[in-house]
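Data block below; observations after.
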Amino acid sequence: MKRVLVLGASGLVAPYVTPGLEADYELLLTDIKPHPFGKPLRPVNVGVYEEVFDAAAGMDAIINFSVNRPHPVLSFEVNTTGAYHAMKAAASHGITKVIHTGPQMIRHGYDHDFDIEDVPRIPGTGYYGLTKLLSYEICRIYARAYKIHTVCFAFNGLGPRPAAPVSRRDFPPFTIVWEDLQHACRLALEIESVPDYFQTFNMLSYVGHGKYLIEKARRILGYAPQERWADHFRRLP
């Protein structure tokens, strides 16, 4: 059983993903605020390197779900500096597996097109996008310098699986359901190596539109949506 440090465990993503990993991994959940479902946490501020370093001791992998969007100071401290601290701690402890997460940064420039996969990320002028793009580059540099196999999951929206037929709206592009992201995390934790030590993967559950592709994730990770989620949006006869 791998020991996995989870940063940002009380945020908008981790509480819905870690339940699918608990049976197979020993998770150390960390954050600066209480867990929304009352799970025990170790207090760790990703903006303080000493706290991240101490929490990473004895870990086999790190998953960084930490994020801050609106605050003009904390967003850089969490999104960019936090990623730096996670990678620096991994290098210091000899941890060779990191999962990083962030926004897709593709739709602004490619929404008019189809068959889009491994293209340059376009963060735009928004502060949040810029802080996350910097985090991608920090992870890439550390991964290749210290041989840390780093998987970066990029998505646009997350949410629950459809539970019934959906009407009056289309299935959203670049959105992933919790079960698929859980599955992707397990694949990333188990894969032995990542080409060039760092790869960014599009994370989608609804692939029927053909706009954004997951072929790289299929090829390297073996990822595929667990069900044909778009079937919930089909018109009934």
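Yes/no per residue for (1) more than 27 Å from T18 (Cα to Cα); (2) out of contact with any strand residue (DSSP E or B) (no Cβ under 8 Å at 6 or more places or on another chain); (3) not polar (S, T, N, Q):
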position	(1), (2), (3)
D60	no, no, yes
V78	no, yes, yes
Y84	no, yes, yes
H100	no, no, yes
G129	no, no, yes
S167	yes, yes, no
F171	no, yes, yes
**OP:** Answer yes or no: is there a residue in the range 157-166 that is within 12 Å of the chain's Cα centre (by Cα), surrounded by fewer than 18 Cβ atoms within 10 Å (Cβ to Cβ) and without any contact (Cβ under 8 Å) to a residue 24 or more places away in the chain.
**Re:** yes
Original post:
If we scan the range 108-123, do we find a residue that is within 20 Å of D196 (Cβ to Cβ) and either touching a strand residue (DSSP E or B) at 6+ places or on another chain (Cβ under 6 Å) or of a type in the set (S, T, N, Q) (or both)?
Top reply: no
Original post:
Where in the range 141-237 are there strands (runs of 3 or more DSSP E), lying fully within it, with 1 or more residues that are of a type in the set (A, V, I, L, M)?
Top reply: 149-155, 157-159, 175-177
Subject >> Pairs where the first residue, in the range 106-129, is under 22 Å from V73 (Cα atoms) and the second is of a type in the set (K, R) and surrounded by 14 or more Cβ atoms within 10 Å (Cβ to Cβ), C-beta under 8 Å, 6+ apart >> reply: P123/K132; Y128/R69
**OP:** With the checklist (1) over 26 Å from A217 (Cβ atoms); (2) touching a helix residue (DSSP H, G or I) at 6+ places or on another chain (Cβ under 6 Å) in hand, flag the one item V73 doesn't pass.
**Re:** (2)
**OP:** All but one of (1) surrounded by 17 or more Cβ atoms within 10 Å (Cβ to Cβ); (2) more than 19 Å from L5 (Cβ to Cβ) hold for I122, so report the exception by its number.
**Re:** (1)
Subject >> Filter result (assigned to a loop (DSSP other than H, G, I, E, B), among the aliphatic types (A, V, I, L, M), modelled with pLDDT of 95 or more and over 19 Å from the mean Cα position of the chain (by Cα)) within the range 49-98 >> reply: A57
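So, A145, is that one under 25 Å from L12 (Cβ atoms) and either at pLDDT below 95 or aliphatic (A, V, I, L, M) (or both) or not? Talk me through it step by step, then tell me what you get.
Working: under 25 Å from L12 (Cβ atoms): no; either at pLDDT below 95 or aliphatic (A, V, I, L, M) (or both): yes.
Answer is no for this residue.
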**OP:** State all residues of the range 193-211 that are over 13 Å from V177 (Cα atoms) and modelled with pLDDT under 90; if no residue qualifies, say none.
**Re:** G208, H209, G210, K211
Original post:
For the range 178-191, how many residues are over 12 Å from G20 (Cβ atoms) and in contact (Cβ under 8 Å) with a residue 40 or more places away in the chain?
Top reply: 2
**OP:** Looking for whichever is among the aromatic types (F, W, Y), surrounded by 15 or more Cβ atoms within 10 Å (Cβ to Cβ), in contact (Cβ under 8 Å) with a residue 40 or more places away in the chain and within 17 Å of L74 (Cβ to Cβ) here; the options are Y16, Y49, Y25. Which one fits?
**Re:** Y49
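The values are calculated or read from the model by the stated rules, or taken from the named source; none is laboratory data. Here the structure is a predicted model, which means the values were calculated and not measured. Positions of Cβ are backbone-derived with ideal geometry, glycine not excepted, and every protein chain shown enters the neighbour counts.
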